[in-house]
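**Student:** Structure below; questions to follow.
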Amino acid sequence: MPRVLRTLKLLTVFAGFSLVWLCVRFPYETGHAAKKLLGLSPEVDPLTLHLKGEFVESNLGTAIDPDGSVTVRLIAQRYDFVPRCLLVPARTTVHFRITSADAVHRFSIDGTDDAVEVVPGHISELRAQFATPGEYKTPCHEFCGAGHYNMLSRIIVVRRNLFPGLKPDERTNCALP
Ligand code: CUA
């Protein structure tokens, strides 16, 4: 009899663990896999974007990476991309990292096939390269409300050798050449 009881106890513990896994871990794993498939990483709290983490104001705009490529950090919000203007170097890999403060938006670069969905709570990534200096508009391509059709920012592509000389605040200033 004690042996039966022990087996029963073991079975109960096993069933308990399985139940916990099914209820907690399984949804987490599948949700994680789904987000990975969509290219989203669950990393930011839309309510505290301006207070802490990667998307605080001083960290927005274009930064030079150790390998010479550049990273652009942007916030999409009704009805702007912040910063509204970005300077990036030509003939250089540009990594965009974008998150949303409110609704689902879609960041796109006119004249190219580059576009990415931007969802609150996630960081969307996009890699681009611009062959020559020039100006690109970046309209929102996901209906996000009354101001959707006016939601856009600008990218000014500057000569590759000119870029390292620009100060961080000059990299978001479209009044510059
Ligand atoms: Cu943002 Cu449409």
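The values are calculated or read from the model by the stated rules, or taken from the named source; none is laboratory data. These figures come from a predicted structure and were not determined experimentally. We place every Cβ from the backbone using ideal geometry, glycine too, and count neighbours over all the protein chains shown.
**Student:** Looking at Gly53, Gly61, which one is out of contact with any Ser or Thr (no Cβ under 7 Å at 6 or more places or on another chain) and either surrounded by 13 or more Cβ atoms within 10 Å (Cβ to Cβ) or at pLDDT 60 or above (or both)?
**Tutor:** The unique qualifying residue is Gly53.
**Student:** Taking only pairs six or more apart or across chains, which ones have beta-carbon atoms under 9 Å, a first residue in region 90-103 that is in the same structural domain as Cys140 (by TED's automatic domain parsing) and closer than 15 Å to Phe55 by Cβ, and a second residue that is part of a loop (DSSP other than H, G, I, E, B) and of a type in the set (Ser, Thr, Tyr)?
**Tutor:** Qualifying pairs under 9 Å: His95/Ser69.
**Student:** Is it the case that region 115-122 has a residue that's among the acidic types (Asp, Glu) and more than 12 Å from the chain's Cα centre (by Cα)?
**Tutor:** no
**Student:** I'm trying to understand the selection: among the residues of region 137-149, which are over 9 Å from Phe81 (Cα atoms) and near the ligand (Cβ under 6 Å from one of its atoms)?
**Tutor:** Listed by number, the residues that qualify are Glu142, Phe143, Cys144, His148.
**Student:** Does region 150-169 contain any residue that is within 16 Å of the ligand (Cβ to nearest atom), more than 20 Å from the chain's Cα centre (by Cα) and not β-branched (Val, Ile, Thr)?
**Tutor:** So far as region 150-169 goes, yes, one or more of its residues are within 16 Å of the ligand (Cβ to nearest atom), more than 20 Å from the chain's Cα centre (by Cα) and not β-branched (Val, Ile, Thr).
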